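Q: Encoded as structure tokens, here's the structure I'll be asking about.
The values are calculated or read from the model by the stated rules, or taken from the named source; none is laboratory data. Since the structure is predicted, the reported quantities are computational estimates derived from the model, not experimental observations. When we count neighbours, we look across all protein chains shown, and the Cβ atoms used for this are built from the backbone with ideal geometry, even at glycine.
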Amino acid sequence: MTGTATRDKMIITALRLFRTEGYPATSWRRLVEEAGTPWGSAYHHFPGGKEELGVAAVELGSAVVRRTVRRAFEREESPAEAVRWWFGKAGQVLVRDEFRSGCPLATITLEMTGRSAELTAACERAFADWHALLASLLGESGYADDVAAELALSIMNSIEGALLLSRVRRSTQPLELAAEHVRLLLDAYGKAN
């Protein structure tokens, strides 16, 4: 396994474990064992230890969401259909993971904000990036910049809350309902402009 492959495998494993089990509950030893990587390579690739690996996992989770959002807006004709597709994909992941996951950053954000400056900053950057991307895509779809920024925040609020409720209810119904409410919101703002 190349150095890059080893590093990538550790990041992917960390993202999965932090997402489903939490950051404090996932030991450094467990990360290395689950990744199937040599023990010595862990500190070679992440001399800052678990926290450095955590930041890399947050960055990967953020990149996954950004790719999904971009893909949604590229493949669908309207922002409402893009959001429906995105929320639907999130629901598919929940079902696949037997409702043990959700937002790739939610667990680590809730657990580590205020406890780790580095992880807090990484999560803050990730959510800011998602907001900026959504606002930009909505702007490209014809919404005024200030409206696009507000709508982007509402969409983020909707998916985060719906993921949490879907997870606890073991049902994608909250995500489906949230997508419908976002459609109504987008239509209302579209008609107002």
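Q: Report yes if ARG115 is assigned to a helix (DSSP H, G or I), more than 19 Å from THR13 (Cα to Cα) and over 11 Å from the mean Cα position of the chain (by Cα), otherwise no.
A: Details: assigned to a helix (DSSP H, G or I): no; more than 19 Å from THR13 (Cα to Cα): yes; over 11 Å from the mean Cα position of the chain (by Cα): yes.
When the stated conditions are applied, ARG115 does not pass them.
Q: Still on this model: Any idea which residue in region 103-119 is surrounded by the most Cβ atoms within 10 Å (Cβ to Cβ), counting only those that are of a type in the set (A, V, I, L, M, F, W, C) and free of Cβ contacts under 8 Å to residues at least 40 places away in the same chain? Break it down into steps so the answer makes sense when it comes.
A: Our first condition is that a residue be of a type in the set (A, V, I, L, M, F, W, C); within region 103-119, this holds for 103, 105-106, 108, 110, 112, 117, 119.
Right, trim to free of Cβ contacts under 8 Å to residues at least 40 places away in the same chain and you get 110, 117.
Details: LEU110: 13, ALA117: 10.
Filtering region 103-119 for residues that are of a type in the set (A, V, I, L, M, F, W, C) and free of Cβ contacts under 8 Å to residues at least 40 places away in the same chain, the one surrounded by the most Cβ atoms within 10 Å (Cβ to Cβ) comes out as LEU110.
Q: Among GLU77, GLU98, which is at positive phi, of a type outside the set (S, T, N, Q) and assigned to a loop (DSSP other than H, G, I, E, B)?
A: Answer to the selection: GLU98.
Q: Quick one: ILE155 ticks every box in (1) of a type in the set (Val, Ile, Thr); (2) over 18 Å from ARG67 (Cα atoms); (3) in contact (Cβ under 8 Å) with a residue 12 or more places away in the chain except a single one, so which number is it?
A: Against the list (1) of a type in the set (Val, Ile, Thr); (2) over 18 Å from ARG67 (Cα atoms); (3) in contact (Cβ under 8 Å) with a residue 12 or more places away in the chain, ILE155 comes up short only on (2).
Q: For a quick check of your reading: which helices (runs of 4 or more DSSP H) sit entirely within region 1-48 and have at least 2 residues that are at pLDDT 95 or above and not aromatic (Phe, Trp, Tyr)? Outline the logic, then answer.
A: Numbers: elements: 3-20, 28-35, 39-45.
In region 1-48, 3-20 are the helices (runs of 4 or more DSSP H) which contain 2 or more residues that are at pLDDT 95 or above and not aromatic (Phe, Trp, Tyr).
Q: Let me spell it out: the conditions are (1) of a type outside the set (Lys, Arg); (2) under 19 Å from HIS181 (Cα atoms); (3) in contact (Cβ under 8 Å) with a residue 12 or more places away in the chain, and ALA122 meets all of them except one. Which number is the exception?
A: (2)
Q: Does THR113 satisfy the condition of being of a type outside the set (D, E, K, R), closer than 25 Å to LEU17 by Cβ and at pLDDT below 95?
A: On the way: of a type outside the set (D, E, K, R): yes; closer than 25 Å to LEU17 by Cβ: yes; at pLDDT below 95: yes.
Considered against the rule, which asks whether it is of a type outside the set (D, E, K, R), closer than 25 Å to LEU17 by Cβ and at pLDDT below 95, THR113 comes out as yes.
Q: Which ones in region 166-193 are exposed (fewer than 15 other Cβ atoms within 10 Å of the Cβ) and among the hydrophobic types (A, V, I, L, M, F, W, C)?
A: Those that are exposed (fewer than 15 other Cβ atoms within 10 Å of the Cβ) and among the hydrophobic types (A, V, I, L, M, F, W, C): VAL168, LEU184, ALA188, ALA192.
Q: Could you tell me which of the residues ALA80, ALA57, ALA63 is surrounded by fewer than 17 Cβ atoms within 10 Å (Cβ to Cβ), closer than 30 Å to SER154 by Cβ, at pLDDT 95 or above and under 23 Å from the mean Cα position of the chain (by Cα)? First the steps, then the outcome.
A: Numbers: ALA80 fails: surrounded by fewer than 17 Cβ atoms within 10 Å (Cβ to Cβ); ALA57 fails: surrounded by fewer than 17 Cβ atoms within 10 Å (Cβ to Cβ).
None of the other options fit; the residue is ALA63.
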